[in-house]
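Remarks on the structure that follows.
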Amino acid sequence: MKAWELIQQIKESRKGQRWKKGDIVKNKYHKPLEVIGIENDFVVTADTYGNRMGNLADDLEMICQVELRFDN
């Protein structure tokens, strides 16, 4: 399977759900963060030091989807 086919498959399976636990995203400070959950209307992330932060979904950009991560 080609990489673009895999990405299309993931996009299909995620319709309506933007962020999932385990995704690596960046915020407006371009800091890599891991999504650790969704609470109320906030996407909760943690940085490499374990600092938790609530983010608005629109303030985040995808770096790597959990399905494509190799470290888990």
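Observations, loosely collected:
- Cα long-axis angle, helix 3-13 against the chain (0 to 90 degrees, to the nearest 10): 70
- Only one of (i) 19, 14, 12; (ii) 39, 21, 10; (iii) 22, 14, 10 was calculated from the structure for semi-axes √(5λ) of the Cα gyration tensor in Å, and its label is (iii).
- Here the Karplus curve 6.51 cos²θ - 1.76 cosθ + 1.60, taken at θ = phi - 60°, turns the phi angles of the stretch 21-28 into couplings of 4, x, 4, 9, 10, 10, 9, 5 Hz, with x standing for Gly and Pro.
- Accessible carbon and sulfur surface of the chain relative to its total accessible area, %, 1.4 Å: 53
- Loop chymotrypsin sites (Phe, Trp or Tyr not before Pro), the stretch 22-51, which have at most 13 other Cβ atoms in a 10 Å radius of their Cβ (DSSP): Tyr29, Tyr49
- Solvent-accessible heavy-atom area per residue, rounded to whole Å², over the chain at 1.4 Å: 75
The values are calculated or read from the model by the stated rules, or taken from the named source; none is laboratory data. Quick caveat, the model's predicted, so the values are computed rather than measured. Note that we place each Cβ from the backbone using ideal geometry, even for glycine, and neighbour counts take in every protein chain shown. Protein only, heavy atoms only, side chains kept; ligands, DNA and RNA dropped before computing areas. Shrake-Rupley method; radii C 1.70, N 1.55, O 1.52, S 1.80 Å.
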